[in-house]
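Q: The structure under discussion is supplied below as structure tokens; questions concerning it will follow.
What follows draws every value from the coordinates through simple rules; no lab data is involved. Just so it is clear, the model here is predicted, and its values are computed rather than measured. Neighbour counts run over all protein chains shown; Cβ positions are idealised from the backbone, glycine included.
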Amino acid sequence: MRVAYFDCPSGAAGDMIMGALVDAGVPFEALRDELAKLRLPGWSLERREVMKGVFRATKIDVHVHDHDHAGDAAGHSHAHGHDRHEHPDRNLRAILDLIAASDLPATVKANASRIFTRLGEAEARVHGTTVDHVHFHDVGAVDAIVDVTGACVGLHLLGVDQVHCSALPLGGGFVTGAHGRIPIPGPGTAELLKGFPVVDTGVRRELVTPTGAAILTTLARAAGAMPAMTVEAVGYGAGNMELDAPNVIRLFLGRAASSGGRETIMQVETTVDDMSPQLWEVVIERLFETGALDVYLTPVTMKKSRPGTVLTALCAPDRVTELSRVLFEESPTIGVRWTAYQRERLDREMVTLPTTYGAIPFKVSRLDGRVVTVTPEFDEVRRIARAKGLPVREVLDQARAEGRRLLA
């Protein structure tokens with residue numbers, strides 16, 4: 001499994017991500033040719049090598065024009081990475097239609113659409129409107145469409161199966177944009193970073209752009225420490241700013257350890273002492289429907305010796321908001337807390353195996369390619385036991401033994 005780990009000591013932006021991908025091995029001409037499949041006029045792409053402090057890095061510039069530059073992008077020489085010319089604002093539907101109508105690979109289209117959908121949802125939430133009424137300003141500009149799609153193309157060309165990244169630096173201060181003077185991180189960026197590890201490095205600049213936040217928080221399977229991997233290439237993507245520390249994003253590209261890899265999960269919890277026990281079933285069902293990986297209840301003794309219950313739900317970082325909303329809607333709690341945890345998990349897959357009782361789905365996990373657990377799907381075991389009038393334990397033990405023999 002090929003893994004990309006983005007180390008973001010001084011921030012993240014779409015052009016920095018593209019630069020790191022090219023520096024790690026994406027052929028620039030192939031990237032440009034794939035992006036041309038968007039059939040989006042009015043832009044050109046430039047690659048150059050720059051120094052950021054003591055680091056050599058690749059800088060990718062997206063030049064946006066009032067007219068369609070059909071010439072070779074490498075021939076352009078501009079002072080700024082993103083030349084801001086007049087181009088129409090676009091709503092989410094227009095961007096998704098543009099991506100869908102392109103000749104890009106299906107995985108690239110799917111990932112780019114996911115990223116822009118999250119951008120639209122974040123903008124709608126912070127501006128108190130619906131996604132249909134959100135008009136992307138900087139986000140919907142041509143350069144951002146190229147940045148987002150280019151990142152997805154680069155990952156596809158490198159054959160990346162999983163994306164991981166470090167905690168993202170928040171930055172600080174103020175910036176003037178389409179909505180006036182706003183604090184950094186901007187409201188859209190802050191919304192995208194919910195449930196994602198962040199750090200304050202003390203730098204009072206915009207370190208993470210909306211496109212950078214959307215790309216990494218949407219595609220990253222986990223955030224925090226680098227997963228166990230064998231590094232095959234390292235790429236450096238340069239940003240526009242000159243900071244005390246080098247303004248680069250660093251990409252480690254390699255093969256994941258066969259144990260399944262390390263990932264970040266969120267533990268969402270709330271403590272309740274005034275709810276009818278009958279309601280827990282509804283709460284748990286809704287949490288699983290909303291994306292919880294696991295849910296369990298723990299009895300506790302609270303202040304004044306009152307009996308209470310701690311509900312714990314495990315989920316991916318991008319599901320914290322949705323799970324918290326379920327808890328507020330379905331329980332009397334007035335507060336929800338969450339913590340990020342690292343976990344290591346085995347490679348696993350579902351396989352259907354023939355048994356004495358017929359075909360049964362099994363969950364199979366492996367360590368270094370060796371089968372370590374073979375577990376028949378319990379609901380199917382229970383159905384078979386009832387249909388045949390047998391004890392569930394007898395069917396379960398027999399199916400498990402046959403499954404292990406078949407996979408030995």
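Q: Of GLN398, PRO361, THR375, which is farthest towards the positive pole of segment 347-407's charge dipole, taken about the Cα centre with +1 and -1 on the beta-carbons of Lys, Arg and Asp, Glu respectively?
A: Farthest along the dipole direction, towards plus: GLN398.
Q: Using each residue's phi in segment 334-341, evaluate 6.51 cos²θ - 1.76 cosθ + 1.60 at θ = phi - 60° and report the 3J(HN,Hα) Karplus result to the nearest Hz, with x for Gly and Pro.
A: Ordered by residue, 3J(HN,Hα) equals 10, x, 10, 10, 8, 9, 8, 10 Hz.
Q: Measuring from label point to label point, each 7 Å out along Cα→Cβ, what is the ARG205 to GLU232 span in nm?
A: Going by the 7 Å Cα→Cβ label model, 3.3 nm.
Q: Suppose a student asked you for the relative contact order of segment 263-344, using Cα pairs under 8 Å spaced at least 6 residues apart; what percent would you report? Before the final figure, lay out the partial values.
A: On the way: 146 pairs, mean separation 39.7, N = 82.
The normalised contact order for segment 263-344 reaches 48 percent.
Q: Please state the relative contact order of the chain as a whole percent: Cα pairs under 8 Å, 6+ residues apart? Provide the component values of the computation, followed by the final result.
A: Values: 842 pairs, mean separation 73.7, N = 408.
After rounding, I find 18 percent.
Q: Here is a follow-up. Given H placed on each backbone N at 1.01 Å, which residues far from TRP43 in sequence or on other chains put an amide H within less than 5 Å of it?
A: For TRP43, the qualifying residues are HIS65, HIS69.
Q: Related question: If we sort 235-243, 124-132 on the protection proxy, mean other Cβ atoms within 10 Å, highest first, what's the order?
A: Numbers: 235-243: 20.2, 124-132: 13.6.
Most protected by this proxy first, the peptides run 235-243, 124-132.
Q: Through the Karplus equation 6.51 cos²θ - 1.76 cosθ + 1.60, θ set to phi - 60°, convert the phi angles of segment 148-154 into ³J(HN,Hα) values in whole Hz; use x for Gly and Pro.
A: Once θ is set to phi - 60°, the couplings for segment 148-154 become 5, 5, x, 4, 5, 5, x Hz.
Q: Shifting gears a bit: Taking H placed 1.01 Å from N in the peptide plane, check which residues at least 5 places from ARG262 or on another chain put their amide H under 5 Å from its amide H.
A: Answer set, sorted by chain and number: ALA228.
Q: Hey, another quick one. Using only Cα atoms and rounding to the nearest 10 degrees, what angle (0 to 90) does helix 320-330 make with the longest principal axis of the chain?
A: 50
Q: Near LYS37, which lysines are there with a Cα under 16 Å away, not counting those fewer than 8 places off in the same chain?
A: Partners within reach: LYS109.
Q: Under 14 Å Cα to Cα from LYS363, which aspartates and glutamates show up? Leave out anything in the same chain fewer than 8 places away.
A: ASP347, GLU349, GLU377, ASP379, GLU380, GLU402
Q: Also: If packing is taken as the average number of other Cβ atoms within 10 Å across a peptide's residues, how do 13-19, 107-113 rank, most packed first?
A: Working: 13-19: 30.4, 107-113: 19.7.
Per-residue mean Cβ counts within 10 Å order the peptides as 13-19, 107-113.
Q: Rounded to the nearest 500, what is the chain's calculated 222 nm mean residue ellipticity when only DSSP H runs of at least 4 contribute -39500 (n - 2.57) each, over all residues? Present the calculation step by step, with values, prior to reporting the outcome.
A: Values: 11 runs with 130 residues, N = 408.
Theoretical 222 nm ellipticity from helices: -10000 deg cm²/dmol.
Q: A further question follows. Could you run the Karplus curve 6.51 cos²θ - 1.76 cosθ + 1.60 with θ = phi - 60° over segment 307-314 and give me ³J(HN,Hα) per residue in whole Hz, x for Gly and Pro?
A: After applying 6.51 cos²θ - 1.76 cosθ + 1.60, I find x, x, 9, 9, 8, 10, 10, 9 Hz.
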